[in-house]
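Data first, discussion second: the structure below is written as structure tokens.
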Amino acid sequence: MDLETNYEVARVAEFISSHQFTRVALQFPDELLEDSMRVVKALRQELNSSVKLYVMADTTYGSCCVDEVGAAHVNADCVIHYGHTCLSPTSKLPAFFIFGKGSINTSNCARNLLKYGLKSGKPLLVLFGLEYAHAIPEIENLLAYLVPSVCGGISMLEHLYADVSCSVMMPCETCKRAVGNECLAEETSQHYKIGGLSWTLPRGRKMEDYLIFWIGLENPAFANVVLTFNSCEIVRYDPTEDCLMTDLSQQKKILRRRYYLVEKAKDANMIGILVGTLGAAGYLHMIHQMRELITKAGKKSYTFVMGRPNPAKLANFPECDVFVNVSCAQTALLDSKEFLAPIITPFEAMLALDRGSQWTGAYVVEFQDLIGSTPSLTREQSEEARFSFLQGTYVEDLDLSDNLEPDKDEILALVNTTEKALQVRDKDRQSVIKSVAKSGAEYFASRSYHGLDINSTNPLPGKFLTGRSGKASGYKDEKTEQ
């Protein structure tokens with residue numbers, strides 16, 4: 001493997017030297033970690049001896065995001081990110097991205113692009129995985145050569161290529177995007193962005209007019225394209241298989257699955273907010289926005305910071321009916337079939353909690369595009385009964401008006417809530433009335449096992465009992481067979 005070709009050592013060294021960085025974190029995904037020492041050795045030959053390099057082998061969250069938490073442990077001045085990336089805006093540290101150069105047969109790709117473009121009769125919009133960005137100029141030149149020969153010297157194929165947004169990201173520039181809602185405003189002016197790609201449509205054209213030709217693997221970046229532009233016809237060229245994939249029935253099922261999760265979220269009483277990133281710009285703003293949205297909808301919210309979520313971690317919080325994952329676009333779409341509770345995105349949470357809203361088919365994967373667009377919820381709306389498609393009947397949301405009033409003493413408020421929850425008993429002193437829990441304390445009170453019983457009627461301490469001794473294979477008090 002040629003290090004200069006795949007890891008662009010000279011370009012990285014120039015970036016570090018030009019900005020006078022002295023502490024640099026090199027972030028590698030698992031599949032590229034074996035080359036990390038060779039890259040470090042090559043960089044040391046290009047850089048000054050005063051520059052310290054640190055290899056980050058394990059990321060706090062997804063490997064596609066810049067791990068600012070890991071870089072902060074060594075007080076790094078910047079992060080060099082290698083491999084697949086979502087190009088989410090950073091909040092504190094500048095980042096330099098090396099996408100890598102995936103293997104691709106550009107000749108066959110250009111022929112398939114031309115063949116399917118002429119067959120469909122639609123203009124083409126060429127999108128691609130960032131690891132294949134290096135091959136796009138060659139594909140464009142091959143297509144320009146093939147079109148006249150196939151069409152008799154007349155170009156009958158209209159095509160548009162997306163551009164890579166940037167390979168250098170500075171936090172001072174990206175914070176503006178997180179505060180405002182520039183992306184949605186730009187889309188109205190024929191400019192689109194997704195997954196580090198950007199393009200501008202000609203005047204009079206709409207996205208529905210185009211056939212999207214995706215060059216890349218079937219990964220989260222492609223799933224985001226399918227969801228965002230679900231009204232467009234999409235085909236995928238797989239560079240690893242060197243063939244065209246036209247059957248996207250499995251990808252279309254994703255949209256129906258997400259709609260089902262939205263309906264599940266409507267019936268939720270307690271919602272957990274998963275902090276899926278600590279580096280993407282605007283994540284704190286979105287977490288506060290989700291809390292406000294859930295509270296206004298008359299539901300209880302809890303915030304969890306646990307790194308990468310998995311079924312075992314979330315199973316420790318069975319009181320939550322649904323979780324909202326605030327993370328980058330390519331790690332937000334978790335397959336929650338193995339989880340006890342569904343996991344949705346902030347956009348889906350807005351759809352579920354906005355009473356009377358209808359899903360038009362539009363989908364937003366970047367949470368930065370949703371900041372400042374919280375739906376207006378009124379108390380009159382939340383008091384009305386609504387129809388639940390999952391239960392097949394009209395239901396009324398819980399009255400959590402107490403949650404809307406600010407508590408002067410949070411500790412006292414927690415004690416009062418727990419006391420009320422533990423007092424919900426019927427005639428049988430040891431049984432608890434089973435009802436819909438409004439908070440974690442009430443859910444705990446409704447459980448059959450509460451742990452150590454500190455309200456025993458006997459004030460005297462119990463007797464000490466002598467336990468068993470020996471090995472598990474045969475304790476001393478066990479009779480051995482002769």
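The table below lists the values:
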{"quantity": "Area of ASP58 that stays accessible when all protein chains are in place (1.4 Å probe, Å², to 10)", "calculated": "120 Å²"}
{"quantity": "Nearest-10 value in Å² for the accessible area of TYR283, using the 1.4 Å probe", "calculated": "40 Å²"}
{"quantity": "Candidate residues LYS300, LYS479: accessible-area rank, largest first, probe 1.4 Å", "calculated": "LYS479, LYS300"}
{"quantity": "Residue pairs, from the table LYS101/LYS206; LYS101/LYS122; LYS52/LYS92, whose Cα atoms sit over 26 Å apart", "calculated": "LYS101/LYS206; LYS101/LYS122"}
{"quantity": "Centroid-to-centroid separation of segment 16-33 and segment 89-137 [C-alpha atoms, Å]", "calculated": "25 Å"}
{"quantity": "Neighbourhood charge, 13 Å Cβ-Cβ cut-off, centred on VAL9 and excluding it, Lys, Arg +1 and Asp, Glu -1", "calculated": "-2"}
{"quantity": "Residue-level accessible surface for TYR475, protein heavy atoms, 1.4 Å, Å²", "calculated": "70 Å²"}
{"quantity": "Listed residues VAL24, VAL365 arranged by accessible area, highest first, probe 1.4 Å", "calculated": "VAL365, VAL24"}
{"quantity": "Carbon and sulfur %, accessible surface of segment 252-319 computed with the full protein complex present, 1.4 Å", "calculated": "56 percent"}
{"quantity": "Among the listed pairs LYS266/LYS337; LYS193/LYS266; LYS253/LYS337; LYS266/LYS300, those beyond 22 Å (Cα-Cα)", "calculated": "LYS193/LYS266"}
{"quantity": "Average accessible surface area per residue within segment 3-98, 1.4 Å rolling probe, Å²", "calculated": "44 Å²"}
{"quantity": "Portion, in percent, of the accessible area of segment 3-98 that falls on carbon or sulfur, probe 1.4 Å", "calculated": "48 percent"}
{"quantity": "Nonlocal amide H pairs with THR303, under 5 Å, H built at 1.01 Å", "calculated": "ILE273"}
{"quantity": "Candidate residues ASP238, ASP77: accessible-area rank, largest first, probe 1.4 Å", "calculated": "ASP77, ASP238"}
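The values are calculated or read from the model by the stated rules, or taken from the named source; none is laboratory data. All of these numbers come straight from a predicted model, not from anything done at the bench. Cβ: placed from backbone, ideal geometry, glycine included. Neighbour counts: every protein chain shown. The accessibility values were calculated without ligands, DNA or RNA, using every heavy atom of the protein model including side chains. Shrake-Rupley method; radii C 1.70, N 1.55, O 1.52, S 1.80 Å.
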